[in-house]
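The values are calculated or read from the model by the stated rules, or taken from the named source; none is laboratory data. Quantities reported herein were computed from a predicted structural model and do not represent experimental measurements. A quick note on method: Cβ atoms are made from the backbone with ideal geometry, for glycine too, and the neighbour counts reach across all protein chains shown. Each accessible area value is taken on the protein alone, full model and side chains, heavy atoms only, with ligands, DNA and RNA left out. Shrake-Rupley method; radii C 1.70, N 1.55, O 1.52, S 1.80 Å.
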Amino acid sequence: MGRSVLGFWQHTFSTAVLYGSLALFTSILHNVFLLYYVETFVSVYKIDKVSFWVGETVFLIWNSFNDPLFGWLSDRSFLSSPQSGSPITNSEVVLRRLKALSTSGPLFALSFLAFWVSWARPGLQFLLCLCLYDGFLTLVDLHHSALLADLAVSASDRTRLNFHCSVFSALGSASVFLSYSFWNKEDFYSFRLFCIALAAFSVMGFLFVSHVLQHHFQKEVLVRRAEAQTLKELTVDLGSPAHSDKPVTIAQYLRQLSRHRNFMWFASMNLVQVFHCHFNSNFFPLFLEHLLSDNISASTGSVLLGISFIAPHLNNLYFLTLCQRYGVYQVIRWLFILKLGLSVAMLLAGADHIYLLCIFIASNRVFTEGTCKLLKLVISDLVDEDFVINRRRQAASALLFGMVALLTKPGQTFAPLIGTWLLCVYTGYDIFERQPVKDSLVSVPDTASGLGTPPLRLGCFYMLVFVPITCALLQLAAWSRFTLHGRKLQGIKTLRQGSQQGHLIDVKAI
């Protein structure tokens, strides 16, 4: 009975749909976490300022280094060929990642629940909850992202996988809208029940989908092993000179990565992208308050927030169709040019065009987040190139995703630091000392002739337009040096597909 049910689901839903659904079980929890974890500890558990900053500092260090750490632990066995026996197949790699997801996914959901019940002193609970949650989230995200490179090699197949991820991520945003009905920091009981329901749904989803996919790939592994055994009997063993039999150490891997020019240019571009994404998120409420609050209603502001939250997922569906036609490299390049053009146009128009400001604030975040969602496709291509140029037996997908995170996550820290510094430079406004600023603004006339702009509003406007202009110029410069596209990318994919069709060569003539 159980096998017939599994067979029914396998025939009803494709691997792409099942793979994409894993994004739903992550996003329904992570969106709620991002919105409420700070407010919960500050307003409900009354955490003190020192404990809060200590927790955030430790979290920053842990958040930066757990990606490459878990990636190395996951993929170190793939960085060298086995000394004896058959080499590991791609289906076995996928199976390992699915088994890891079947464990880390439910643990991720349980760690999410730890935030919403007070079980220790606020400072200690804050630190432990953040580290546990981010650790399991990293495991889930690394293995899910690595599957994108392991399940498919062709650009069209990877685009289809990413398409389903975007659809299910957009569906996962529904948890944010539902959460408003339950959030009440004075009476936390209903919100706790809501979080328990989300976590239960996520646990069941991870277990069910990973089990269905594991069942499918276990059958494929058995078939591939039988084929490999048959092929081995007809094959002259030439010692596989193209691959090294020595295990690769972490120092050797880092040296290989430092010589991977496309990886380094991509990491440079992505560091700026991560900075810009988090800058938009950190200062979106500030821009709404000081640029638009006097000219739009509260409902319009909430609509802008909603659009900026869900539109990147929906917009990504269109971007992915463009990627299939023109390639990921060209679409990302066009998005950088569009970001630069819109920012220059807004700068020339000025801060007094309210409707243009509304459109620009929303579109700037939508296009920036949309670019972020395409970058997994580029990292998957880098996995292919790393596989080919270093002649690996198996692609180290999770490790490469982890190394990208290590080099780009500092952008999360730079965003608020540089943003608050720019705000202080432009206006003298210290975001941590609000009362003196209010007094100073009262003494500064709004306008000299009825048409001017207060210093704080003008400073916010300059931040709004100059940051994307600078980011776009830096990204276009780095992206122009990235060569993994067009014929070169097609050649890399052909070489990887040829290598993974079988590790034994020169079949005997019969």
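Some notes on this structure:
- For Leu178: the one exception among (1) closer than 30 Å to Phe319 by Cα; (2) touching a residue at least 40 places away in the same chain (Cβ under 8 Å): (2)
- Criterion: hydrophobic (A, V, I, L, M, F, W, C) and modelled with pLDDT of 85 or more - qualifying residue of Leu317, Leu342: Leu342
- Filtered by the rule that a residue be of a type in the set (A, V, I, L, M, F, W, C), under 11 Å from Phe206 (Cα atoms) and open to solvent by 30 Å² or more (accessible area, probe 1.4 Å), the range 101-111 gives a lone residue, Leu107.
- Only one of the numbered conditions (1) assigned to a helix (DSSP H, G or I); (2) open to solvent by less than 70 Å² (accessible area, probe 1.4 Å); (3) at pLDDT 55 or above; (4) over 30 Å from Tyr462 (Cβ atoms) is not met by Val248, and that is (1).
- Which numbered condition Ala114 misses (of (1) surrounded by fewer than 20 Cβ atoms within 10 Å (Cβ to Cβ); (2) small (Gly, Ala, Ser); (3) at pLDDT below 90; (4) within 24 Å of Phe188 (Cα to Cα)): (3)
- Checking the range 72-92 against the condition returns a match, with at least one residue being outside any loop (DSSP other than H, G, I, E, B), touching a residue at least 12 places away in the same chain (Cβ under 8 Å), within 30 Å of Gln256 (Cα to Cα) and open to solvent by 40 Å² or more (accessible area, probe 1.4 Å).
- Qualifying residues in the range 154-172 (those that are of a type outside the set (S, T, N, Q) and open to solvent by 20 Å² or more (accessible area, probe 1.4 Å)) - the one farthest from Gly205 (Cα to Cα): Ala155
- Unique residue being assigned by the TED database to the domain that holds Val54 and within 18 Å of the chain's Cα centre (by Cα) when the list is Leu107, Leu142: Leu142
- Taken together, Phe336, Phe284, Phe275, Phe266 contain a single residue that is modelled with pLDDT under 90 and of a type in the set (Phe, Trp, Tyr), which is Phe284.
- All conditions in (1) crowded, with 21+ Cβ neighbours inside 10 Å; (2) at pLDDT below 90; (3) more than 28 Å from Gln324 (Cα to Cα) hold for Ala395, with the sole exception of (3).
- Of the criteria (1) closer than 20 Å to Glu289 by Cα; (2) at pLDDT below 60; (3) surrounded by 17 or more Cβ atoms within 10 Å (Cβ to Cβ), which one Val442 fails: (3)
- Answer residue from the range 117-133, given it is of a type in the set (Gly, Ala, Ser) and not in a helix (DSSP H, G or I) and is least open to solvent (accessible area, probe 1.4 Å) among those: Ala120
- Checked against the criterion of being of a type in the set (D, E, K, R), closer than 30 Å to Gly55 by Cα and assigned by the TED database to the domain that holds Glu39, the range 156-174 contains not a single residue that satisfies it.
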